[in-house]
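Worksheet: one structure, shown below.
Coordinate-derived values only; no laboratory data. Just so you know, these numbers come straight off a predicted model, no measurement behind them. Cβ atoms come from the backbone with ideal geometry, glycine included; neighbour counts cover every protein chain shown.
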Amino acid sequence: MANEMKGWDRNQMAARAAEELEDGWYVNLGIGIPTLVANYVGDKDITLQSENGMLGMGPFPFEGEEDPDLINAGKQTITELSRTSYFDSATSFGMIRGGKIAAAILGAMEVAENGDLANWMIPGKLVKGMGGAMDLVAGVPRVIVVMDHTNKAGESKLLKECTLPLTGTGVVDRIITNLGVLDVVEGGLKIVETAEGVTEEDIRAATEATIV
Amino acid sequence: MKKVYGTAADALDGLLHDGMLISAGGFGLSGIPELLIAAIRDAGTKNLTVASNNAGVDDFGLGVLLQTRQVKKMISSYVGENAEFMRQYLSGELELEFNPQGTLAERMRAGGSGIPGFYTKTGVGTQIAEGKEHKDFDGETYILERGIVADLSIVKAWKADDTGNLVFRKTARNFNPPAAMSGRICVAEVEEIVPRGSLDPDCIHLPGIYVHRLIQGDHEKRIEQRTTRKREEA
């Protein structure tokens, strides 16, 4: 799967995404590679939100200390920290919709050059639901997508227009892929950084979206 | 007025009817009203519409009511953990209305707060917005979502006093307070009912005004995704 891909691996992508986070931020991390970002925040004072009703999400529990009353939005057992607070789902999405969460780091199936995001549904396949993704991308001021640059067939996931049903329109600010970092700007995507061993030409060749 | 009942079946007596709308608390399998769900299964109430973030797994949570074909329609944000749900949905036996998670929570909170609708940016430009009123505020487009007023709410809390004041535990709070608020009648199941005066009034999560009937019972509290770290990694 990812072994033929150039550039950063999953952990390197997560480490690069962690550089996006600023001291003092409240942040929501999606499922998959975004979850790994928590391992790379270092000394920065970052508070992780879990949208099922928690600020200050801690690491997985030690074996034998799992608590069915303490899970994250991926339904995994987790732990609390000294700063942790709990609240109900309406309050949780109030802080999301109200723009109080500084950044969301999410996975994606497709991103378009205008910042449209598709990450919840493939027509004809089993539809599990959007969960909190539509609320997050609509409410959080800075949305960062972390994903592989191309799909398993080698086709670009950065498109002129999304083909899948949308999660939100014009919501993505920055995309971190295995090949590098791109921003959504006027007229298309702008290459901000290339991964080690990757050239701007490699990114252009692997990208359907307009590169400006 | 007495709120405390002996069993889940007693607490639901006279409240169930075919075709009703039920709001249920819980996220995944955490904080679900498992005793009340079992009692609704035993009562055999049919053609239910259930507003709940998730639909349980095949043999636990709301999945129990799917197995017995008691549910006509689900209003949920994520249903990926339930094979029987998918089978019934794909065969057309079960209706499904996807709501974004925050929209569902706010619909419940609003419905219980006398707010028949609210505008949100969530879902603008997506399938969710189709057929809904759009309105611009301060240069941004929003869609109208309706409050949910349910015939019955079923919720799970950690502790209650006998007046129905509820305290939840950790992330098992989740949808329980908004689900409780959204019902004309709310039945709560708790792990422990304590005498009035023994809960700190400053630390009540949901005031008893929202809770009409109450039972205490033993909960299985199943874990859906058991994730751990090794001690040497600490």
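Neighbouring Cβ atoms from other chains, within 10 Å of the Cβ of residues in B:50-59, number 1 on average. With both labels modelled 7 Å from their Cα along Cα-to-Cβ, the B:Lys2 to A:Ile31 distance reads 4.5 nm.
Determine the calculated [θ] at 222 nm for chain B from helices alone, applying -39500 (n - 2.57) to every DSSP H run no shorter than 4 residues and normalising by the residue count; nearest 500 deg cm²/dmol. After summing the helix terms and dividing by residue count, I get -5500 deg cm²/dmol. Backbone phi angles across segment B:40-48, fed through the Karplus curve with coefficients 6.51, -1.76 and 1.60 (θ = phi - 60°), yield HN-Hα couplings of 5, 4, 5, 6, x, 4, 10, 6, 6 Hz in residue order; Gly and Pro are listed as x. For segment B:57-68, putting each phi into the Karplus relation 6.51 cos²θ - 1.76 cosθ + 1.60 with θ = phi - 60° gives couplings of 10, 3, 10, 8, x, 5, x, 4, 7, 6, 4, 8 Hz, in residue order, rounded to whole numbers and with x for Gly and Pro.
Once backbone amide H atoms are built at 1.01 Å from N, A:Asn52 has A:Ala73 as its partners under 5 Å, excluding neighbours fewer than 5 places away on the same chain. In sequence order, segment A:55-63 has phi-based couplings of 10, x, 6, x, x, 4, x, 5, 3 Hz under the Karplus curve 6.51 cos²θ - 1.76 cosθ + 1.60, θ = phi - 60°, and Gly or Pro positions carry x. Under 5 Å from the amide H of B:Lys156 lie the amide H atoms of B:Gly25, B:Glu189, each residue being 5 or more positions distant or on a separate chain, with H modelled from the backbone and absent for Pro and chain starts.
As a check on your grasp of the helix formula, calculate [θ] at 222 nm for chain A: sum -39500 (n - 2.57) over DSSP H runs of n ≥ 4, divide by the residue count, round to the nearest 500.
Numbers: 5 runs with 35 residues, N = 212.
Rounded to the nearest 500, it is -4000 deg cm²/dmol.
Within straight-line reach of B:Lys221, meaning a Cα separation under 17 Å, sit the following lysines at least 8 residues removed in sequence or on another chain: A:Lys75, B:Lys156, B:Lys159, B:Lys170.
If you average the alpha carbon positions of segment B:15-61 and of segment B:82-97, how far apart do those two centres end up, in angstrom? Spelled out, the Cα-based centre of one part sits 15 Å from the other. The residues packed around B:Val71, meaning those with a beta-carbon under 10 Å from its beta-carbon, carry a net charge of +2 if Lys and Arg are +1 and Asp and Glu are -1.
Express the relative contact order of chain B as a whole percentage, based on alpha carbon pairs under 8 Å and six or more residues apart in sequence. Mind showing how you got there, number by number?
On the way: 545 pairs, mean separation 54.0, N = 234.
Answer for chain B is 23 percent.
By the Stokes-Einstein formula, at 0.692 mPa s and 37 °C, the protein assembly as shown with its Kirkwood radius over alpha-carbon pairs has D equal to 145 µm²/s.
Which GluC sites (Glu not before Pro) in segment B:43-145 sit in a loop by DSSP (not H, G, I, E or B) and have at most 11 other Cβ atoms within 10 Å of their own Cβ?
Numbers: sites: B:Glu81, B:Glu84, B:Glu93, B:Glu95, B:Glu97, B:Glu106, B:Glu130, B:Glu133, B:Glu140, B:Glu145; in loops: B:Glu81, B:Glu93, B:Glu130, B:Glu133.
Taking segment B:43-145 and a limit of 11 other Cβ atoms within 10 Å, the loop GluC sites (Glu not before Pro) found are B:Glu130, B:Glu133.
For segment A:88-122 and segment B:159-234, what is the centre-to-centre distance using only Cα atoms, to the nearest Å? The two parts, judged by their Cα centres, are 28 Å apart.
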